[in-house]
Amino acid sequence: MILHAIAAKLKQRAKADFRGRHFEAALIVHAVSWYLRYALSYRDIEELFLERGMEFDHSTLNRWVLAYAPLVEKRLRQFRRPHCGSIRIDETYIKVRGEWRYLYRAIDKHGAAVDFLLTANRDLDAAKRFFRKMLSTEPLLAPDRIGTDGACPYPPAIAESREASLLPRAPTHYVTKHLQQGIESDHFRVKRTMPRVSGFRSFHTARRTICGFEAMLWLRKSFGFSGAWTVREQNQLLAYCFGRPVANKA
């Protein structure tokens with residue numbers, strides 16, 4: 001009875017998500033997931049669907065990604081497992097309108113995602129905002145060990161988070177390049193699908209699209225589920241998040 005009520009609620013929510021769209025919800029989710037999962041351009045996906053007899057313009061796909069990438073991130077966030085208490089924080093470069101911007105990211109020592117934030121600058125204010133976002137998301141789960149690359153803004157950002165009661169106790173802050181290699185390689189995993197030549201056209205576009213790239217990386221990491229985790233099973237979970245029937249079910 002409860003499962004039927006949950007399924008009915010998901011289907012009702014899905015109708016609101018795709019109200020006013022001229023294409024089926026399953027096609028939209030499929031096209032958006034392709035763009036967020038693989039290193040394909042909008043025109044590449046337009047051509048792939050054209051081969052299958054489905055025609056839409058690449059600018060339409062762009063609007064779908066901007067509309068649904070943050071929604072994918074919001075729906076998949078509920079499946080993330082809690083971090084182990086020891087996290088690594090680092091920032092990487094993202095090109096927006098020909099200028100370098102900064103993507104702050106955090107993972108735990110096992111590679112599980114913690115949080116992310118795109119900022120225009122790399123300074124103390126940006127570090128503080130990232131800590132506020134990361135710690136307010138899970139207020140009952142504060143890290144006891146924080147690893148960084150030794151950048152100057154991190155110690156005062158940690159201290160201010162402690163004063164603001166976002167951290168119930170002062171965590172151990174350590175600086176080591178060896179342990180930071182894990183998050184640096186994780187940067188590559190999320191950036192390999194991003195536009196490489198010209199980058200993003202606006203900060204708004206980058207912020208919304210990166211939500212989807214990060215969420216799709218969470219999906220690929222399996223959220224700690226045991227057993228095999230195939231692309232088919234990933235798509236089943238994505239379909240469940242939008243209240244859609246599972247495609248190609250055996």
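Please treat every number below as a calculation from the coordinates, not as lab data. Just so we're clear, the structure is a prediction, and the values are computed from it rather than from any experiment. Counting neighbours? That spans all protein chains shown, and the Cβs are built from the backbone with ideal geometry, glycine included.
Backbone geometry of the range 32-39 corresponds, through the Karplus equation with coefficients 6.51, -1.76 and 1.60 at θ = phi - 60°, to 3J(HN,Hα) couplings of 5, 5, 4, 5, 7, 8, 10, 7 Hz, x marking Gly and Pro. Highest mobility in the GNM of the chain, judged by mean-square fluctuation with C-alpha springs under 10 Å and restricted to R122, R101, R19, is found for R19.
Normalised by the number of residues in the range 86-201, the average gap of Cα pairs under 8 Å and 6 or more apart makes the relative contact order 30 percent. Under a 5 Å amide H cut-off, with hydrogens placed 1.01 Å from N, I94 pairs with R101, Y102, L103 among residues at least 5 apart or on other chains. Between K177 and R81, the simple label model (points 7 Å from Cα in the Cβ direction) yields a spacing of 3.2 nm.
Around the amide H of F79, modelled in the peptide plane, lies no amide H under 5 Å away from a residue 5 or more places distant or on another chain. As a rough footprinting exposure proxy, the listed residues S59, S161 were ranked by other beta carbons within 10 Å of their own, and the order from fewest upward is S59, S161. For the pair R162 and D57, a Förster radius of 45 Å applied to the C-beta separation gives a FRET efficiency near 0.30, rounded to the nearest 0.05.
For the range 74-173, applying the loop criterion from DSSP together with a ceiling of 12 other beta carbons within 10 Å to the GluC sites (Glu not before Pro) yields no site.
Volume per residue of the convex hull around the Cα atoms, evaluated for the chain, comes out as 151 Å³.
Under a Gaussian network description of the chain, with springs only between Cα atoms under 10 Å, the residue in E233, E73, E55 that fluctuates furthest is E55. In this simple spin-label model, placing a label point 7 Å from the Cα along the Cα-to-Cβ direction at both R132 and R19 gives a separation of 3.3 nm.
Couplings 3J(HN,Hα) for the range 59-71, derived from phi with the Karplus relation 6.51 cos²θ - 1.76 cosθ + 1.60 (θ = phi - 60°), are 5, 5, 4, 4, 5, 4, 4, 5, 7, 10, 4, x, 6 Hz, where x marks Gly and Pro. Once both labels are positioned 7 Å from their Cα atoms along Cα-to-Cβ, the gap between A39 and Q236 label points is 3.0 nm. Largest first, the three principal axis extents of the alpha carbons in the range 86-201 are 44, 27, 24 Å in whole numbers.
Take every Cα pair under 8 Å whose residues are at least 6 apart in sequence, average their separation, divide by the length of the chain, and the relative contact order is 25 percent.
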